[in-house]
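Q: Sharing a structure here in structure tokens format.
The values are calculated or read from the model by the stated rules, or taken from the named source; none is laboratory data. A quick note: this is a predicted structure, and the numbers were derived from the prediction, not measured. Reconstructed Cβ throughout: ideal geometry from the backbone, glycine too, with neighbour counts over all protein chains shown. Surface accessibility is based on the protein's heavy atoms, side chains included, excluding ligands, DNA and RNA. Shrake-Rupley method; radii C 1.70, N 1.55, O 1.52, S 1.80 Å.
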Amino acid sequence: MLLASAVVVWEWLNEHNRWRPYSPAVSHQIEAAIRSSDPRGGSVVLGQVDSRLSPYIIDLQSMHQFRQDTGTIRPVRRSFYEPASAPGQGWQWEWENDAGTWTPYDMEVAITIENAHNRQQPCLDLTPLGFCYLIDFQNMTQVNRQSQRCRRIQRRADMAYPLVMGTGSSAYSNGGLPATGLGQPCSCQQCMLVLSVKTNTGGAGGGRTGIQSIGRRSLTMQQPKNSAPITSKPLSPLKSATLGRGQQQNTNSNSNYYQTNVTTPPSPVPSPSPVVMKPQRRSSLAGLSRPALQRIAMAQSRALIASGVPTVPVKNLNGSSPVHPALAGITGILMSAAALPVCLTRPPKLVLHPPPVSKSDIKPVPGFGHGCRKTTKKQVRKGKTPEEVVKKYLQKVKCPPEEDCTICMEPLGGPSGYKGPGVGPVSRAESVGRLAQCGHRYHFQCLVAMYNNGNKDGSLQCPTCKTIYGVKTGNQPAGKMEYHIIPHSLPGHPDCKTIRIIYNIPPGIQGPEHPNPGKPFTARGFPRHCYLPDSEKGRKVLRLLLVAWDRRLIFSVGTSSTTGESDTVIWNEVHHKTEFGSNLTGHGFPDPGHLDNVLEELRAQGITEDDVLMEK
């Protein structure tokens, strides 16, 4: 089997469930760490490459990013893209945020923009990718179609992301799992149609920008010497028109790759190809994820709607009917590939807020004394020094083991690798300590430095297992939390009413616990409305959220991963549902696992039912 090359991009998941790329330098560092150690374990200190990421460590075994000063944990993944794509060629697309700095686009969006730029398109509509923006290449701007706000964009040359080689099933995708799309695909007619549509997905005609199907995996096949090329019967002009005007067939047949990452103008029908696919078991459909099916099928649907032809409805793509959503997507793909008009049912509208509620219909939550909770500015704790706080949770280690301190990455038998201010000299007998509960060992000076870089609230969190010592508090600004019951039911919870939580935090000046003391911070989107079912478990979550609010752990001050704005109020790793009657953004209902997930996130912040009992 031929070798397949791919560009590796490491990404992290933000609080809005979008994967954000690390820089090429960081991705190179992580790949180097994988090559030099056991890929099933180890950690990577990101500050060694980018000083702005000094608090962050990636645990390769659990595939998570850990921030040492706040204890924030985020998933990471290892994604693959074509070598000829934007990350493989070293091109970065960025937009200017409110602070005047540049924020990179999501990788799939950047690849789509680069492909349109290479085709010398005057503009690009990002609506097919879920963004209400228009890219103007002539003026190098991004225009919001709803607010008409215009921002500058730039195309910046950078180092290329790392290139890796693999053989078919030995190549790995996100999280170290085998890439199901690699290898020789099935040659049955159904699978060939699906793969050809993935390769040649087109957009609406009439001068509109073609919709690209972005993929992370390439299919590698052998070409027998004495085999005739696969041909497909061309469609009539009338049938071709149903899939979009102005589209041309892709006649590029120089490559041995049957790619899902399209960088050429799309084709409405399966393109002739000299590649002959050997028969194998029918496993190629496993490479079609639900988001990919939805994206491809909706692209075909938009093309049909734009052309104005009669359509055959294929419903349940949003999972609302008993039929599996993937089946609807595959049906639409196969019908459109066969030149049959297909129209997918339009998705439901975004419903952020409930119907209007009168004051007389708003009721207090049973079992809760008050419907409002306020926080004030943090009171500075006096008395114990950082050294005294750390010693409180440590046990002395007389004979340090032959292993590295995971904070400074230096041997425990030697001195600490931390040379910064705020840490005084210690005797050799106190140079290494063992955390009492979890048993992990570190340099005493490293733990003191970690404490100094955190919230300095008298608590300590193990950077390895995340065990919390003491009571963890955050740097949430002063504000108000209101909660009450409204007489409406959430989707998926028809048997109970709804608990509405209203957070309100005004802008202000950062305190000593914030990133930039004395500098103003903004508070966008307040008041923020969130929703819980008025069930036994929903009330349990509310009680714990009140503890988190009192400990200033719901919000923080930092840089928004969505807008790129710095010195602003952001969510702090405790997910809330802000959509009342829909779940289009992933922040609504129905979501059967939401309450359990929130309980786990609160437990990671050191908040359990025992804390509720202690505060009563």
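Q: May I ask you to verify whether Thr72 is of a type in the set (Ser, Thr, Tyr), farther than 21 Å from Arg155 by Cβ and out of contact with any Leu (no Cβ under 9 Å at 6 or more places or on another chain)?
A: Yes: the conditions hold for Thr72.
Residue by residue, here is whether (1) outside the structural domain of Val547 (by the TED database); (2) at positive phi; (3) touching a His at 6+ places or on another chain (Cβ under 9 Å); (4) of a type in the set (Lys, Arg) holds:
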residue: Leu394; (1), (2), (3), (4): yes, no, no, no
residue: Ala429; (1), (2), (3), (4): yes, no, no, no
residue: Val432; (1), (2), (3), (4): yes, no, yes, no
residue: Val448; (1), (2), (3), (4): yes, no, no, no
residue: Asn455; (1), (2), (3), (4): yes, no, no, no
residue: Leu460; (1), (2), (3), (4): yes, no, no, no
residue: Cys465; (1), (2), (3), (4): yes, no, yes, no
residue: Pro491; (1), (2), (3), (4): no, no, no, no
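Q: Same structure, new question: Which condition number does Phe66 fail, the rest of (1) under 28 Å from Gly558 (Cα atoms); (2) open to solvent by 30 Å² or more (accessible area, probe 1.4 Å) being met?
A: The failed condition is (2).
Q: For Ser560, state whether it is under 16 Å from His353 (Cβ atoms) and among the polar types (S, T, N, Q).
A: Criteria not met by Ser560.
Q: Suppose we keep only residues that are touching a helix residue (DSSP H, G or I) at 6+ places or on another chain (Cβ under 6 Å) and not in a helix (DSSP H, G or I) within the stretch 80-126. Which one would you say is most open to solvent (accessible area, probe 1.4 Å)?
A: Trp91
Q: Restricting the stretch 437-465 to residues that are open to solvent by 50 Å² or more (accessible area, probe 1.4 Å) and in a loop (DSSP other than H, G, I, E, B), which is modelled with the highest pLDDT?
A: Only one residue fits best here, namely His440.
Q: Within the group Glu609, Glu565, which residue is open to solvent by less than 20 Å² (accessible area, probe 1.4 Å) and in contact (Cβ under 8 Å) with a residue 40 or more places away in the chain?
A: Selected residue: Glu565, the only one of Glu609, Glu565 that is open to solvent by less than 20 Å² (accessible area, probe 1.4 Å) and in contact (Cβ under 8 Å) with a residue 40 or more places away in the chain.
Q: Determine, yes or no, whether Arg524 is basic (Lys, Arg), more than 23 Å from Lys472 (Cβ to Cβ), touching a residue at least 60 places away in the same chain (Cβ under 8 Å) and in the same structural domain as Glu565 (by the TED database).
A: Spelling it out, it is not the case that Arg524 is basic (Lys, Arg), more than 23 Å from Lys472 (Cβ to Cβ), touching a residue at least 60 places away in the same chain (Cβ under 8 Å) and in the same structural domain as Glu565 (by the TED database).
Q: Identify, from the list His16, His28, the residue that is open to solvent by 20 Å² or more (accessible area, probe 1.4 Å) and modelled with pLDDT of 85 or more.
A: Just one listed residue meets the conditions, His28.
Condition check ((1) within 24 Å of Thr568 (Cα to Cα); (2) within 26 Å of the chain's Cα centre (by Cα)) across all residues:
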residue	(1), (2)
Leu435	no, no
Arg441	no, no
Ala449	no, no
Lys456	yes, no
Pro463	no, yes
Val471	no, no
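Q: Please find, among Glu601, Glu579, Glu573, the residue that is acidic (Asp, Glu), at positive phi and open to solvent by less than 50 Å² (accessible area, probe 1.4 Å).
A: After applying the criteria, what remains is Glu573.
Q: Name every residue in the stretch 35-52 that is open to solvent by less than 40 Å² (accessible area, probe 1.4 Å) and modelled with pLDDT of 80 or more, in order of residue number.
A: Val44, Val45, Leu46, Gly47, Asp50
Q: Look through the stretch 488-508, keep the residues that are farther than 13 Å from Tyr531 by Cβ and not charged (D, E, K, R), and return whichever of them is surrounded by the most Cβ atoms within 10 Å (Cβ to Cβ).
A: So, considering only residues that are farther than 13 Å from Tyr531 by Cβ and not charged (D, E, K, R), the one surrounded by the most Cβ atoms within 10 Å (Cβ to Cβ) is Ile505.
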